[in-house]
Structures are given as structure tokens and as C-alpha cells.
Amino acid sequence: MTEVAENLSEETQVAEESVSMFGENGDFAENWMEAANVPEDLRGDLTLKSTKSVAGLASQLVNAQKLIGKNADMVVVPNEKSSETEWSDFYKATGRPDTPDEYEITHMEELGEVDSELESAFKNLAHSEGLRPSTVQKLIEMDDNRIMAMRTAFDNAKIQEAADAEEALKKQWGSAYEERLHLANRMIAENVSDDNKQGVLDAIGNNPYVADFLANIAKKFVEHKIISADVNAPTPVEALAKADELRNTPGYLNGELSKTSPARHKQITLEISKIMEHAYPESS
């Protein structure tokens, strides 16, 4: 009888322990995890600590399963300790093609021919960095726009450079502009082969100093009858020099010439007036 009583006592104790995980209202008791034999390494989990009842535990389990199903294809982001294989799997999952050649790149038509070697190197770099095709195409479009903007800026700069050179020569040559420009062009046309002409023009560009140099040489050729051309209009500098030369005619500045030779004095005055019109045509 004593043994039976002891067995009943142990069974009652076990039953009491199995029920002790619940409180009087049916919720979990304070020490329910110990009573339920929850492993000690899980007892500190905040999720379990916040669970108050079997209904709450069931709800958490169902929601967790739903979340797992919804994110079944979730990709784990590698870190600095991840292997190349893990990174490769990550890149593939996020849309990177299997090989660099699978990137299909489209350029702006206005761009013209592109550097195939440079493009191949860019594809290899994009692949090694795990870029998606859409990202690669956007980068290509951005670079195409950059190149076209540079071309436009360069063209505009050349146009402005030509305009500035023309303005400088018109100011320097005055009414002799057309004649001197013709002489400068003749120097190139008659002394440079057709094969080299474009290269010379590119080297000269829109440099007004070179144009003036060529025009002056051509003018000397005309004066020495090495080439024939009509050179009648003086530049402002030449006109002013000629005017000073006439003013220095003996007796002109002190008025003696007007007394001794009024006709000659009048002729010099008219020549100086015409010369000044050439030097400053905008003021006449």
C-alpha cells in the first residue's frame, strides 16, 4: 500500500507540473516555458516572452508560415565573408546574365560607330559587378548623352573661335579685309598639296595671327611681282603710316606749304582724308 501511495503521489505531482504552465484564466503562467520544457537557449527569446496564451502561440506559428511562403524566393545578401559562388548566385538571382556577352546594348544613332573593344571591356566590368541589363543600358545612355554634349560644346566652341578670329581680322585689316583674306587663302592654295591642305588648315585653325602672317607674305610677293593680285586697300596700320608720311611733308604741318604751294597742300589734305576713311571706315 505504501508503494501504491507513493506512485499516486508522483503521478499527481507530474500532473500538477503539466498543468502549472497555465494560470487560472487559461493563459500561460509566469514560468510556463520551464513547465513546458522549452530549451533554455530559447527561453530568453523576446517572441516567446511576449506570448501569453496557446491562441497567441498558434497565431504566431500560422503568421510565420505565411511569411515564409511569401518570401520563399527571398535572396540573402552576401557579405565580405561570402564566397565567390555565393556572390555569383546572388547576382544571378537579382538579374545578372550568365555571361558578359548577353548584355544587349543600344546606342544613340547620332553617336555613330563605337569602340568595340571599349564596349567589351565595359560589359566585362558590368558583369563582374553584378549589374542588371537594365542598369547597364541606363549607364550607356548616360554616357552617350555625355559624349553628344561634349561634341556639341566642341562644335560651338569652334564656331565661336571662327567668329572671334573673323572679328579680330576685320578690326586689324579694316577695309582691306577681303583682299588680305584672299591673299592668305591663295598662299595656302598655291603652296600646299591637296593631300596636305586639310592638315595645314586644321593646324592653323582660326588663328588670326597666322592669317595675318600669310597675308603679309602674299602682299610682299605681289609687290615683288612674284604673284599677281590687286592690292589696293590698305590696312588701318598701313593707312595711318601713309597719313603720317604725308603729314611730314616739308611745310605741311607749319602752314608754309599752304602759302608756297596751295594746290599741293590741298592735294595732301585730300589724300590724308581718303586714307583716314580706309583706316576708320565706320566713322566716315
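The values are calculated or read from the model by the stated rules, or taken from the named source; none is laboratory data. Please read these numbers as outputs of a predicted model, since none were measured by experiment. Cβ: placed from backbone, ideal geometry, glycine included. Neighbour counts: every protein chain shown.
Annotations
- Selected residue (criterion: modelled with the highest pLDDT) from residues of segment 218-232 that are surrounded by fewer than 15 Cβ atoms within 10 Å (Cβ to Cβ) and in a helix (DSSP H, G or I): LYS220
- From the list LYS123, LYS158, LYS138, the lone residue that is of a type in the set (D, E, K, R), under 20 Å from the mean Cα position of the chain (by Cα), farther than 30 Å from TYR91 by Cα and outside the structural domain of THR235 (by TED's automatic domain parsing) is LYS158.
- Per-region count, segment 27-48, residues touching a helix residue (DSSP H, G or I) at 6+ places or on another chain (Cβ under 8 Å) and farther than 19 Å from ALA64 by Cβ: 3
- Filtered residues of segment 75-120 (kept if exposed (fewer than 10 other Cβ atoms within 10 Å of the Cβ), under 30 Å from the mean Cα position of the chain (by Cα) and either of a type in the set (Ser, Thr, Tyr) or at positive phi (or both)): THR106, GLY112, SER116
- Residue among LEU201, LEU181, LEU214 that alone is within 20 Å of HIS278 (Cα to Cα) and hydrophobic (A, V, I, L, M, F, W, C): LEU181
- Here LYS52 passes the criteria (1) under 60 Å from the mean Cα position of the chain (by Cα); (2) surrounded by 10 or more Cβ atoms within 10 Å (Cβ to Cβ); (3) farther than 30 Å from TYR91 by Cα; (4) modelled with pLDDT of 80 or more except the one numbered (1).
- Going through (1) exposed (fewer than 10 other Cβ atoms within 10 Å of the Cβ); (2) modelled with pLDDT under 80 one by one, GLN65 falls short only on (1).
- Looking only at residues in segment 152-202 that are free of Cβ contacts under 8 Å to residues at least 40 places away in the same chain, assigned to a helix (DSSP H, G or I) and among the small types (Gly, Ala, Ser), the one that is surrounded by the most Cβ atoms within 10 Å (Cβ to Cβ) is ALA184.
- Residue within segment 150-166 that is of a type in the set (A, V, I, L, M), in contact with a Pro (Cβ under 7 Å, 6 or more places away or on another chain) and within 30 Å of ASN216 (Cα to Cα) present: yes
- Conditions (1) over 30 Å from THR106 (Cα atoms); (2) surrounded by 12 or more Cβ atoms within 10 Å (Cβ to Cβ): number failed by VAL136: (1)
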